[in-house]
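Participant: If you scroll down you'll find the structure; I have some questions about it.
The values are calculated or read from the model by the stated rules, or taken from the named source; none is laboratory data. The structure displayed is predicted, hence computed values, not measured ones. Reconstructed Cβ throughout: ideal geometry from the backbone, glycine too, with neighbour counts over all protein chains shown.
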Amino acid sequence: MARILAIDYGLKRTGIAITDELQIIASGLTTVNTKDILEFLKDYATKEKVELFLVGEPKQMNNTASESEALILPFISKLEKLFPEIPIKRVDERFTSKMAFQTMIDSGLKKNQRKNKALVDEISATLILQSYLYAK
């Protein structure tokens, strides 16, 4: 089997999470500067077999698209062109940043460590991936 890669796309940073080859465990991989994300994914996909991209879908409480969706759609278009053989699915990412922050608190990270926004993005991507695996 190949891996599933989840993307928490952001204006400045993009969190990345990945499954193991059996698609059982979701793990945070890294956070990448958004301007470098396509190059990072291209490099990663040459080293590891990726079966599916999951891209977070930010929604408002009334289920309409959030403002950041306008940034994500052009990224998805580029992703489709770069990897036409890898399907892309969207996953509701409401509350993932808040849940990521709470996860950091629950795991005992000090206040200074919790200010690391890159870590929040990586954990958010992991939560997106984990929710997909649970629903699968």
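Participant: Please pick out the residue among PHE40, PHE101 that is surrounded by 13 or more Cβ atoms within 10 Å (Cβ to Cβ) and at pLDDT below 95.
Facilitator: Details: PHE40 fails: at pLDDT below 95.
Every option except PHE101 fails the conditions.
Participant: Just to be sure, is THR14 polar (S, T, N, Q) and under 16 Å from PRO74 (Cα atoms)?
Facilitator: Values: polar (S, T, N, Q): yes; under 16 Å from PRO74 (Cα atoms): yes.
Judged against the criteria, THR14 is a match.
Participant: Of VAL32, VAL55, VAL91, which residue is without any contact (Cβ under 8 Å) to a residue 60 or more places away in the chain, in contact with a Phe, Trp or Tyr (Cβ under 6 Å, 6 or more places away or on another chain), in a strand (DSSP E or B) and surrounded by 17 or more Cβ atoms within 10 Å (Cβ to Cβ)? Spell out how you get there, then give the answer.
Facilitator: Details: VAL55 fails: in contact with a Phe, Trp or Tyr (Cβ under 6 Å, 6 or more places away or on another chain); VAL91 fails: without any contact (Cβ under 8 Å) to a residue 60 or more places away in the chain.
Exactly one residue qualifies, and that residue is VAL32.
Participant: Still on this structure, I have one more. Within the stretch 1-29, count every residue that is assigned to a loop (DSSP other than H, G, I, E, B), closer than 24 Å to LYS136 by Cα and not aromatic (Phe, Trp, Tyr). Can you show your working first?
Facilitator: Here is the first cut: in the stretch 1-29, the ones assigned to a loop (DSSP other than H, G, I, E, B) are 1-2, 9-12, 20-25.
Within this subset, residues satisfying the condition of being closer than 24 Å to LYS136 by Cα are 1-2, 9, 20-25.
Still in the running and not aromatic (Phe, Trp, Tyr): 1-2, 20-25.
Of the residues in the stretch 1-29, 8 are assigned to a loop (DSSP other than H, G, I, E, B), closer than 24 Å to LYS136 by Cα and not aromatic (Phe, Trp, Tyr).
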